[in-house]
Amino acid sequence: MSLAPVLDRIDADLGAATERLMTLLRIPSISTDPAYAADVDRAAEWLAKDLASMGLEAAKHPTTGHPMVVGRGGSGDRHLLFYGHYDVQPVDPLDLWNRDPFDPAIEETPKGRVIRGRGSSDDKGQLMTFVEACRAWIAVHGALPCKLTLFFEGEEESGSPSLVPYLEAQKDALKADLALICDTGLFDSRVPAITTMLRGLLGEEIIITGPDMDLHSGMYGGAAMNPIRVLSRIIASLHDDTGRITVPGFYDGIPEPSDEVKAQWEALGFDEAAFLGDVGLSRLAGEQGRTALEMLWSRPTCEVNGIVGGYTGAGFKTVLPSKASAKISFRLVAGQDPLKLRESFRAMVQKMLPPDCTVEFKGHGASPASVMSTEDPAFEAARQALSDEWPDPAAFIGSGGSIPVAGYFKTILEMDSMLIGFGKDDDAIHSPNEKYDVESFHKGIRSWARVLDALAKTDAP
Ligand code: BES
Ligand code: ZN
C-alpha cells in the first residue's frame, strides 16, 4: 500500500477534516465540572460514531467517571495503540477570550491561519490528526496499514480518576506493541519532535487553621495568630535564594543528563530570549546556573498554583481569618518518588506550624516522571518519517508537561509509548484564546500517515 496517494487524499480532504474538528470543538466537554457531564458524553458519542463511519469497530465504554472510546481496525503482525483525550480545560477567565470558546473559527493572524477554540490544540485537534490520517488510509486503500486500537479518554484534564481501573480491567483488549500518544508539541515550527522525557506531577493542597472563627483585626490583631502569615512563611521557605527547592531529600537520586544529551539540547539552539519574550518576561527564574531547557526538561519544580485566605472581595475588610490555603504542585523528574516527596513535604509543613495552628492536607495526584527508551527501531523509523514531512529533521526532546497515561501504559500494559504531537508553545493551552495552527493540523495528519506507514513496515520488538 503506497503512501503518496494517502498524502494527496489528506490535502484534498483538509477542508472537510477541518469542519469535522470544528464540530467536535463545539461540544463543551469540560471534564472537571459536573455541569458538563452530558457534553463530555456527547463528545465521546460523536467520536465513537465518527470511527464507526470509517468502518472501524467502535464503542463508547462507560466508567464510574466519563466514558472511554475504543475503536479497532486493520490487521497484520504490527499492533499499535493510539491515545488522545477528548476532554478540555475550563474556559475561565471567560472575559479574556476574544470569541466564544465553543464557537470555533479559522482566524488569520500575523503568524498564519489558526483554528481558535477551547481544545483546538489540547487535545481535540491533535487527536483528530490521527483520526484523519486513518480516514485517509482507509479511503485510499480500503484498509489501515496495520492493526490499530484507538483509545480516547475523557478525564485527562481532571486527573484521570477512572484510567487505572479501566486499564487494569481492559489489559488484554488494549495491550499492543507500542502506544502512540498525540498530546505534546513540536520543538518549533520547523522542527518536529518525539518527546522522550515527561515530568511527573505531585499535587498538594494545604489548609491552615488558626483561630476557630474569623476575628476583628483590631480586637485580636497582634495578639492572635494569623494563618495567612503562617502560610506565607511556609511558601516563602520552599525555595532558597539560588532557586533550589528546600523540601528535605527533594533532589536525591536525580541524574544529570549525560554529556551526549546535553550536547543534543545545546544543538537545538533554543531561543531563551524569545521563549521568555513571548510571554512578557526577560529573565529565567529557576535554579541558578541552569539553561531554560534543563529547567523545563530535566529539573523538578515547586510552584504555588493558587492561594486563598481572608477577605478578597471588593473594598476592604479588617479581618483576621480563621483559615488560609494554597494549592502547590511539584513537577518531578526521573529518580524522584512522588509518595516519598509527599511525606517529606508534609513533614516540613508540620514542623513549621506554630502552636494553635493545624494543617489539613489534600493530595491531588502523584505521578512519577517517564523516560522513554528509544532503542526500539520504531523510534528511528518514526523520526525519519517526521523528518520527511517537516522542513528540518525531527528531534528527540523532553517536555515540561505531564502525561501520566504514558507511565500507566508501561506499568499496567507493559508497553512503551512514543509521544508525537504538533502543538506550539504559543497555542495558549489551558488559557484564554487557545488555538491550533492550521499548519499543525494539516502537517500533523500527513505526519501520522507517514509514521503509520513507517511503523507498519518495522517489526514489533
Ligand atoms: N497536553 C498536556 C500536557 C503537555 C503540555 C504536554 C505541554 C506537552 C506540553 C496535558 O493535557 C496536560 O495538561 N496534562 C496535565 C497533567 C495533569 C492534569 C496530571 C499537566 O501537565 O498539567
Ligand atoms: Zn493534553
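Distance between Cα centroids, region 230-268 to region 404-461: provide it in whole Å. So the separation of the two Cα centres works out to 28 Å. Ranking A292, L215, I445 by how far each Cα lies toward the positive end of the dipole of the chain (charges on Cβ) leaves L215 at the top.
Taking 7 Å steps out from each Cα toward its Cβ at A267 and I235 produces label points 4.3 nm apart. Between the C-alpha center of region 315-343 and that of region 125-184 there is a gap of 34 Å. Beyond 19 Å in Cα-Cα separation lie the following of the pairs K340/K362; K124/K175; K262/K443; K124/K362; K49/K410; K124/K424: K124/K175; K262/K443; K124/K362; K49/K410. In percent, rounded to a whole number, the relative contact order of the chain is 26, using alpha-carbon pairs under 8 Å and six or more apart. Close amide H partners of D416, meaning residues 5 or more places away or on another chain with modelled amide H under 5 Å apart, are A179. For region 326-338, putting each phi into the Karplus relation 6.51 cos²θ - 1.76 cosθ + 1.60 with θ = phi - 60° gives couplings of 9, 10, 10, 10, 10, 8, 10, 10, 3, x, 9, 9, x Hz, in residue order, rounded to whole numbers and with x for Gly and Pro. Label reach from A52 (point 7 Å along Cα→C-beta): in region 13-29, no amide nitrogen lies under 13 Å. Taking amide H positions as modeled 1.01 Å from N, with prolines and chain starts lacking one, the residues under 5 Å from I194 and 5 or more places away or on another chain are A395, F396, I397.
Since only I27, L51, G73 are under comparison, the one whose Cα sits farthest along the positive direction of the charge dipole of region 1-85, derived from C-beta charges on Lys, Arg, Asp and Glu, is G73.
Label positions at A460 and K340, each projected 7 Å from the Cα along the C-beta direction, are separated by 3.5 nm. Each Cα pair under 8 Å and six or more residues apart adds its sequence gap; the mean of these over the residue count of region 169-272 is a relative contact order of 11 percent. Residues whose amide H comes within less than 5 Å of that of V333, counting only those at least five positions distant or on another chain, are G200 (H built at 1.01 Å from N in the peptide plane). Restricting to DSSP H runs of at least four residues, report the calculated mean residue ellipticity at 222 nm for the chain, -39500 (n - 2.57) per run over all residues, nearest 500 deg cm²/dmol. Taken over the chain, the calculation gives -10000 deg cm²/dmol. Across region 439-450, rounded Karplus estimates of 3J(HN,Hα) from the backbone phi angles (6.51 cos²θ - 1.76 cosθ + 1.60, θ = phi - 60°) give 5, 4, 5, 5, 5, x, 4, 4, 4, 5, 4, 5 Hz, Gly and Pro being marked x.
For K457, the lysines whose Cα falls under 18 Å of its own Cα, not counting residues fewer than eight places away in the same chain, are K147. In region 381-461, Cα pairs under 8 Å separated by at least six residues give a relative contact order of 38 percent.
Spatial offset of region 91-124 relative to region 47-66 amounts to 26 Å, using the alpha carbon center of each.
Expressed in nm to one decimal, what extension gain is obtained for the pair A38 and I307 from 0.36 nm per residue of sequence separation less their Cα-Cα distance?
Working: separation 269, 0.36 × 269 = 96.84 nm, distance 3.10 nm.
So the chain would gain 93.7 nm between A38 and I307.
Here the Karplus curve 6.51 cos²θ - 1.76 cosθ + 1.60, taken at θ = phi - 60°, turns the phi angles of region 304-315 into couplings of 8, 8, x, 8, 9, x, x, 8, 10, x, 5, x Hz, with x standing for Gly and Pro. Given their separation in residues at 0.36 nm each and the Cα-Cα distance between them, A274 and N98 gain 60.9 nm when the chain is fully extended. Computed extension gain for R113 through R290, at 0.36 nm per residue and net of the alpha carbon distance, reaches 60.2 nm.
Every read-out reported here was derived from the displayed coordinates using simple, explicitly stated rules and does not represent laboratory data. As the structure is a computational prediction, the values presented were derived from the model and not from experiment. Counting neighbours? That spans all protein chains shown, and the Cβs are built from the backbone with ideal geometry, glycine included.
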